[in-house]
Structures are given as structure tokens and as C-alpha cells.
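The structure under discussion appears below in the form of C-alpha cells.
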């Protein structure tokens, strides 16, 4: 399974979540800037196939007159099954906040690294692991080639108010390696070329 959650999609999700409590006012309403790293791993050992989807984000969001708030978070999805029988061995999803040094991105989207413990909730019962378990993640990204840049401006209406949204993003394809340690089940070492590094900004204003 391959999923690619681009930075523009991640930004849109954040803005939808934050749009409701923001009172309409003239001028600057919301600003978001950040960096992200994505990787989709897929491997098979004997009859067991494992897919891992990983994304880390860091940045700052601001609603005036406040100074803004920094954030850093990670998303992890793991799916493992027996190929001949089709039996699911485990399938879990986790999302955690990160410390300031857990996820770093190099200048120019050249590199990124993530080192964190993530709480994953299992989706199948019963299973070979507890309903909730910790996965230790040690992942590194290496940017490849030239970065792709994009800009967009569009208008939308929310709750009767008119808004203008401007976005800019930079994306670079990457390779990634990851060591995923599940308590009691050992460490899985994976690598992939299906990875991406990205940075972006978004600004939303009221239009009268």
C-alpha cells in the first residue's frame, strides 16, 4: 500500500481544524509554516509482508494578536499480514506529539531525522500484541534531486464570511531508512525510495 500525504493536504487538514474557533476580522487571520518528512515502507520476510507509513511534521501556527505556537507531531501506520493465508498479524495506527529535538530537518530539505517512541493502537482483536503498544522509531531521510516549488491563491466562503488563502510549498523526493522496534517483537529495519521532504507556508485573510 502506498499513500502519499503531501504537505498541501496536511496544511489543509490543519486549517480546517483551526477555522471554527477563529472569529472573522479584517486583515490577517491565520498563519501556518512548517516542514515535514514522509516515507512509505514495504517489505516481505518469508510469508510475512509488512507495510509502514510514517510522517513527521514541525512548524508554527499563529492567530493574532498572539505570538503563535510551535508544534511537532508524528503519524505512524503499520500493517502486517501472512501472504499465503491473508491473515492479518497486526494493524495499528498512532499519533504523538514530539519533543523539540525528536524531529529535525536540514537546510534546503537535504536531510531529516526522527527518533521517538510512538504509542500505537491495534485495530484487530485478539492479536499477537497488546491493544496498545509502543513502537520505537529511528528514521533518516536523504533528499534527492531538485526541489519542486508551487504557489497558489484562492478564495472561499466559510459561515457567510469571505476569505482569501495563499499557499507556497517546496517538495523534494527522498530516500529513507527506518528501524521500527515493537516491544516483545524485535526490530524491523526497512528502506525505501518512496519518500519526500517538504516545507510550506499558508496565510489566510478575511476579505471585505
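The values are calculated or read from the model by the stated rules, or taken from the named source; none is laboratory data. Being a predicted model, the structure only gives us computed values, none of them experimental. A quick note on method: Cβ atoms are made from the backbone with ideal geometry, for glycine too, and the neighbour counts reach across all protein chains shown.
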- Which listed residue is assigned to a helix (DSSP H, G or I), farther than 23 Å from residue 46 by Cβ and out of contact with any helix residue (DSSP H, G or I) (no Cβ under 7 Å at 6 or more places or on another chain), from 94, 108, 99: 108
- Message: Can you tell me which of (1) farther than 20 Å from residue 191 by Cβ; (2) over 18 Å from the mean Cα position of the chain (by Cα) is the one residue 117 doesn't meet?
- Response: (2)
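Matching residues to (1) surrounded by 20 or more Cβ atoms within 10 Å (Cβ to Cβ); (2) touching a strand residue (DSSP E or B) at 6+ places or on another chain (Cβ under 6 Å):
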position	(1), (2)
112	yes, yes
118	yes, yes
121	no, yes
131	no, yes
141	yes, yes
147	no, yes
160	no, no
165	no, yes
- Item | Matching residues, the range 145-164, being outside any strand (DSSP E or B), under 30 Å from residue 112 (Cβ atoms) and over 21 Å from the mean Cα position of the chain (by Cα) | 145, 146
- Message: Here is a check on your reading of the model: is residue 36 part of a strand (DSSP E or B), surrounded by 17 or more Cβ atoms within 10 Å (Cβ to Cβ), at pLDDT 95 or above and in contact with a strand residue (DSSP E or B) (Cβ under 9 Å, 6 or more places away or on another chain)?
- Response: yes
- Matching residues in the range 52-82 - criterion: being part of a loop (DSSP other than H, G, I, E, B) and either in contact with a helix residue (DSSP H, G or I) (Cβ under 9 Å, 6 or more places away or on another chain) or at pLDDT 95 or above (or both): 63
- Task: For the range 165-179, indicate whether the set of residues that are over 20 Å from the mean Cα position of the chain (by Cα) and in contact (Cβ under 8 Å) with a residue 12 or more places away in the chain is non-empty.
- Result: yes
- Test: residue in the range 133-153 that is farther than 22 Å from residue 36 by Cβ and in contact (Cβ under 8 Å) with a residue 12 or more places away in the chain: yes
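Pick out the one residue from 127, 136 that is surrounded by 12 or more Cβ atoms within 10 Å (Cβ to Cβ), at pLDDT 85 or above and either closer than 29 Å to residue 79 by Cβ or more than 16 Å from the chain's Cα centre (by Cα) (or both).
Values: 127 fails: at pLDDT 85 or above.
Checking each option against the conditions leaves just 136.
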